[in-house]
Every structure is written in C-alpha cells, then in structure tokens.
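Below: the structure, in structure tokens.
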Amino acid sequence: MRIILFDIDGTLINSDGAGRRSIARAFNDCYGLESDLCDIEFHGRADNGILRDVFEKKLGKSPSENEIQRILDALVRHLPEELQRSENYRLLDGVAEILEELSHRNDVILGLETGNTEPAAELKLSHGGIWRYFRCGGYGSDSDIRSEIVRHGIRKARNLLEPGQSVKAVWVVGDTPADIEAAKSVGVHVLATATGMHSLDILCSCGPDVALPDLSNVPQVLSILLSDS
Ligand SMILES: [Mg+2]
C-alpha cells in the first residue's frame, strides 16, 4: 500500500483568506480584538500555534487550553460563512483529477497532513467537494508540531491496513518548507508544489524528493506518487 498525505492550504485549495478572517472574527467575538491578523504568519503552521501567537502578540498573554478551545470553536462557527464569502476560493490546478484518480486505486490510502483542526479541514474541503476522498489525517488538533502531525497521519493510515498489507511508500504533498522538513524528519518522501506563498527555488533549497511549480501535470504527479522509489 501507499500512503499519500496532502496538506490543505496552498496545496489542495486556495481558500482566499477564509481561515484568517474566521480566526480574526473568533478573537473579536471572544476578546473584542480589532485586527485582520495580517502581521501574523499563517503559512505551514498548526492552528493552535497561530492562535498562541495571536494571544501573545495581540493580547499579551499565554492562553490556557480552555481559551484556545473557545477560539477554535468560534473559528469553526465563522468558517462556513467566510468560505461562502471567498469569491476566489478554488481547488488548485490538477487537484480534482489527481484525487479522483488516486481514490480509484486499491493500493493507495489517501489522507491529510494539515495544521487545520479536523472540523476546519472538513469545512474547507467540503466546500470544494473533496472531503470525501480522505480516509484519515493528521491535524492541527493532534499536535502543534508539523512532524508530529505527519506521524499522526501515517499512524491513522496504518490503522486502516488490512491483515497482510504492508506499506510500500509514504508521500507527503505540501507547499511550504514546513511540510518538507516534517516529511524529511519523519523519513518519508515529499513532493513540494509552489502553489502557496513559497517559490520553487525556496522549496528546492529545502531538499524535497521532487518540487513542481504546481500539480497541473496530472500524469506527471501520478507517476511520481506511484513510482517504485
Ligand atoms: Mg500549506
């Protein structure tokens, strides 16, 4: 079996800022914070880590677990409306075809490795009609640390193996240096796509197995993910 774990933001979809706006509204609801959070780094990070950053930089405090959970709950309440407002929400090129193709193979387990919590991931991907393809995932609700998120995704995928099945290869597909570093530290393959905020040069400098400008060449992407290496 092959385990293939996709990052979400900048890899599968561009949500046109829906996540950032939902977090900003959550902080406004809970703390009256007036900020668009444009000075907070979001890319390649787990939601919990982003929220801790906002607490520290904007509210000058370290949050309790309850405070983090309250913001995460508010975020998920606002996300459907913010996704609706995202006129430029889109599946990135090649994604629909790649997922459709891989989902028909009985030697592939499709999963996620994302800094989003599971409820936020479900909302973001359901909006584009692709949540149904994923059988498991490592989420921002599992850990703040990207490599741990990848490990959780792999562990959950392994739990889906039937007796006698073994794992031939694990691939991570992501758009940030964080995805590449996490995959390498866990010892699995990584395909980097320059469809997020990072250039192909920057991604290449992190040493992925493969880096592509985007995922639009579907036969090429499939041959990489299904290769015997
Ligand atoms: Mg990403």
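Please specify each residue of the range 61-105 satisfying the condition of being among the acidic types (Asp, Glu), over 28 Å from Arg155 (Cβ atoms) and more than 16 Å from the ligand (Cβ to nearest atom).
Hits for the range 61-105 are Glu67, Glu81, Glu82, Glu87, Glu97.
For Asp228, only one of the following conditions fails: (1) surrounded by fewer than 20 Cβ atoms within 10 Å (Cβ to Cβ); (2) within 16 Å of the ligand (Cβ to nearest atom); (3) closer than 17 Å to Leu102 by Cα. What is its number?
(2)
(1) at pLDDT 95 or above; (2) within 24 Å of Trp171 (Cα to Cα): which one isn't true of Ala74, the others all being true?
Result: Ala74 passes all but (2).
Out of Phe55, Phe42, Phe27, which single residue is within 13 Å of the ligand (Cβ to nearest atom), buried (at least 18 other Cβ atoms within 10 Å of the Cβ) and of a type outside the set (Ser, Thr, Tyr)?
Phe42 is the lone residue from the list that is within 13 Å of the ligand (Cβ to nearest atom), buried (at least 18 other Cβ atoms within 10 Å of the Cβ) and of a type outside the set (Ser, Thr, Tyr).
Hey, can you tell me all the residues within the range 146-168 that are crowded, with 16+ Cβ neighbours inside 10 Å, touching a helix residue (DSSP H, G or I) at 6+ places or on another chain (Cβ under 9 Å) and in contact (Cβ under 8 Å) with a residue 24 or more places away in the chain?
Matches in the range 146-168: Arg146, Ser147, Ile149, Val150, Arg151, Ile154.
All but one of (1) polar (S, T, N, Q); (2) surrounded by fewer than 16 Cβ atoms within 10 Å (Cβ to Cβ); (3) within 30 Å of Ser223 (Cβ to Cβ) hold for Asn88; which doesn't?
The one condition Asn88 does not meet is (3).
With the requirement that a residue be in a loop (DSSP other than H, G, I, E, B), away from the ligand (no atom under 13 Å from the Cβ) and under 16 Å from Val210 (Cβ atoms), what does the range 139-196 give you?
Hit for the range 139-196 is Val188, nothing else.
Restricting to the range 136-171, count the residues that are among the polar types (S, T, N, Q) and over 24 Å from Leu51 (Cβ atoms).
Qualifying residue count for the region: 3.
Assigned to a loop (DSSP other than H, G, I, E, B), of a type in the set (Gly, Ala, Ser), surrounded by fewer than 21 Cβ atoms within 10 Å (Cβ to Cβ) and more than 14 Å from the ligand (Cβ to nearest atom): is that true of Ser223 in this structure?
When the stated conditions are applied, Ser223 does not pass them.
Kindly establish whether Val108 is among the β-branched types (Val, Ile, Thr) and within 16 Å of the ligand (Cβ to nearest atom).
no
The values are calculated or read from the model by the stated rules, or taken from the named source; none is laboratory data. A quick note: this is a predicted structure, and the numbers were derived from the prediction, not measured. When we count neighbours, we look across all protein chains shown, and the Cβ atoms used for this are built from the backbone with ideal geometry, even at glycine.
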